[in-house]
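Working notes for the structure below.
The values are calculated or read from the model by the stated rules, or taken from the named source; none is laboratory data. These numbers were taken from a predicted model, which means no experiment stands behind them. Please note: Cβ atoms are built from the backbone with ideal geometry, for glycine as well, and neighbour counts cover all protein chains shown.
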Amino acid sequence: MIIIVCGLPGVGKTSLANELAPLIRAVVLSTDKIRKELISKPTYRIQERKLIYDIMLLLARYLHDAGINCILDATFNTENSRRELKKSLNSSSSSQINIVECICPEHITISRLRSRKNDYSDADISIYKRMRSIYQPIKEKHIVVDTSQQSTYMNAREIANQLLKNETKN
């Protein structure tokens with residue numbers, strides 16, 4: 001099973017992915033973490049972003065082929081980026097790809113971004129606002145979680161139950 005946890009910066013993707021992982025026995029692959037592990041001073045240029053996403057997708061394919069669940073923690077802010085992701089993961093596994101979209105009221109997101117320290121993400125309020133202006137709604141069936149409504153653990157438990165129920169149907 002491959003789970004895409006997407007949404008704008010500061011909405012709680014990484015926190016949710018890290019809580020969800022042990023509940024579904026998954027490995028978290030984070031673009032922020034991969035970038036910081038490989039590039040000491042990231043530029044976030046197109047070629048660099050493509051490299052980071054390509055590495056994440058390669059690792060996801062290897063894990064999936066080995067029967068290991070993985071969670072992809074990244075913004076995936078356009079319809080095209082999500083479509084390309086699914087295409088590159090090879091659709092023999094498309095029934096095992098699930099999208100979880102994290103949302104959060106803007107004032108809470110901004111508060112979270114202001115209080116970030118020692119984080120893999122470099123996203124700040126200006127990046128949040130820029131990404132918000134280009135974020136495209138997810139048109140396909142997916143799970144939406146408002147990360148401000150209850151604890152991260154409770155959200156993760158509900159999502160895990162839903163994912164595991166969906167997995168037994170397929």
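Points worth noting:
- When the residues of the stretch 58-85 are filtered to those that are at pLDDT below 90 and of a type in the set (Ser, Thr, Tyr), the one that is surrounded by the most Cβ atoms within 10 Å (Cβ to Cβ) is Thr75.
- Contacts under 6 angstrom Cβ, first residue in the stretch 38-52 being of a type in the set (Val, Ile, Thr), partner surrounded by 10 or more Cβ atoms within 10 Å (Cβ to Cβ) and part of a helix (DSSP H, G or I), 6 or more apart: Ile52/Thr31; Ile52/Ile34; Ile52/Arg35
- Selection within the stretch 30-64 - in contact with a helix residue (DSSP H, G or I) (Cβ under 9 Å, 6 or more places away or on another chain), of a type outside the set (A, V, I, L, M, F, W, C) and within 14 Å of Tyr120 (Cα to Cα): Ser30, Thr31, Asp32, Lys33, Arg35, Pro42, Tyr44
- For the stretch 8-57, filtering for residues that are of a type in the set (Phe, Trp, Tyr) and surrounded by fewer than 19 Cβ atoms within 10 Å (Cβ to Cβ) leaves 1.
- The strands (runs of 3 or more DSSP E) falling completely within the stretch 1-97 that include 3 or more residues that are farther than 22 Å from Lys139 by Cα map to 26-30.
- Meets criteria (touching a Leu at 6+ places or on another chain (Cβ under 9 Å), closer than 21 Å to Leu85 by Cβ and of a type in the set (Lys, Arg)) for Arg157: no
- Any hit, the stretch 124-133, residues being surrounded by 19 or more Cβ atoms within 10 Å (Cβ to Cβ), out of contact with any Lys or Arg (no Cβ under 9 Å at 6 or more places or on another chain) and of a type in the set (A, V, I, L, M, F, W, C): no
- Among the residues here, Glu101 does not qualify as assigned to a loop (DSSP other than H, G, I, E, B) and touching a residue at least 24 places away in the same chain (Cβ under 8 Å).
- Ile99 more than 23 Å from Val145 (Cβ to Cβ), surrounded by 20 or more Cβ atoms within 10 Å (Cβ to Cβ) and within 15 Å of the chain's Cα centre (by Cα): no
- When restricted to residues that are touching a residue at least 40 places away in the same chain (Cβ under 8 Å) and touching a strand residue (DSSP E or B) at 6+ places or on another chain (Cβ under 7 Å), the stretch 141-165 contains 9.
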